[in-house]
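Enquirer: Before anything else, here's the structure in question.
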């Protein structure tokens, strides 16, 4: 009769069970990751997002979303205003950064001209927004949008005044930062408006 030299023959069962659980968990989690990578989270029903840069995104309603023509026209106009506002934000940040370089990437006269252009363009965008016909149910969103774009107008003026001032750049930097905040908030509210409309 053969003698079993292992005094505890069952001691290998537990490690094998644990190894099996680890292997099962590994393959199960891989399947979840694969499924997640194939899916896209939407900002809302029929809404897709597009990155504009610097973490700012814009939203677009998917074709076939059931909206009346007036609401669709309003949302299309918001898209155009938002896209332009984000371009102005980028221009203001770029010129400000160049002016802060040592040596300067732009001279005062060029920086002033480009800041003035941002002020004018932002004022025009604010006027364009105010002239839109607001669809029923989106009045609150529109008021918030107007508040943000008016804040951008004010911030652009502050940045220009800071550029022309004799301080060491604090007013200009504060104006640019306020503009970035206002433009980002406007972009976020455009998404909220689209979600409300859809």
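The values are calculated or read from the model by the stated rules, or taken from the named source; none is laboratory data. Just so it is clear, the model here is predicted, and its values are computed rather than measured. Counting neighbours? That spans all protein chains shown, and the Cβs are built from the backbone with ideal geometry, glycine included.
Enquirer: May I ask you to say which residue of 187, 195 is assigned to a helix (DSSP H, G or I), in contact with a strand residue (DSSP E or B) (Cβ under 6 Å, 6 or more places away or on another chain), surrounded by 19 or more Cβ atoms within 10 Å (Cβ to Cβ) and in contact (Cβ under 8 Å) with a residue 60 or more places away in the chain? I'd like the intermediate steps shown before the answer.
Expert: Numbers: 195 fails: surrounded by 19 or more Cβ atoms within 10 Å (Cβ to Cβ).
Among 187, 195, only 187 is assigned to a helix (DSSP H, G or I), in contact with a strand residue (DSSP E or B) (Cβ under 6 Å, 6 or more places away or on another chain), surrounded by 19 or more Cβ atoms within 10 Å (Cβ to Cβ) and in contact (Cβ under 8 Å) with a residue 60 or more places away in the chain.
Residues are listed down the side, and each one gets a yes or a no for (1) over 17 Å from residue 163 (Cα atoms); (2) modelled with pLDDT under 60; (3) part of a strand (DSSP E or B):
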residue: 31; (1), (2), (3): yes, no, no
residue: 35; (1), (2), (3): yes, yes, no
residue: 48; (1), (2), (3): yes, yes, yes
residue: 58; (1), (2), (3): yes, yes, yes
residue: 63; (1), (2), (3): yes, yes, no
residue: 82; (1), (2), (3): yes, no, no
residue: 92; (1), (2), (3): no, no, no
residue: 114; (1), (2), (3): no, no, no
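Enquirer: Determine if segment 129-150 includes at least one residue that is farther than 30 Å from residue 66 by Cβ and in contact (Cβ under 8 Å) with a residue 24 or more places away in the chain.
Expert: Checked segment 129-150: at least one residue is farther than 30 Å from residue 66 by Cβ and in contact (Cβ under 8 Å) with a residue 24 or more places away in the chain.
Condition check ((1) modelled with pLDDT of 95 or more; (2) on the phi < 0 side of the Ramachandran plot; (3) surrounded by 15 or more Cβ atoms within 10 Å (Cβ to Cβ); (4) not in a loop (DSSP other than H, G, I, E, B)) across all residues:
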residue	(1), (2), (3), (4)
110	yes, yes, no, yes
121	yes, yes, yes, yes
132	yes, yes, yes, no
146	yes, yes, yes, yes
172	yes, yes, yes, yes
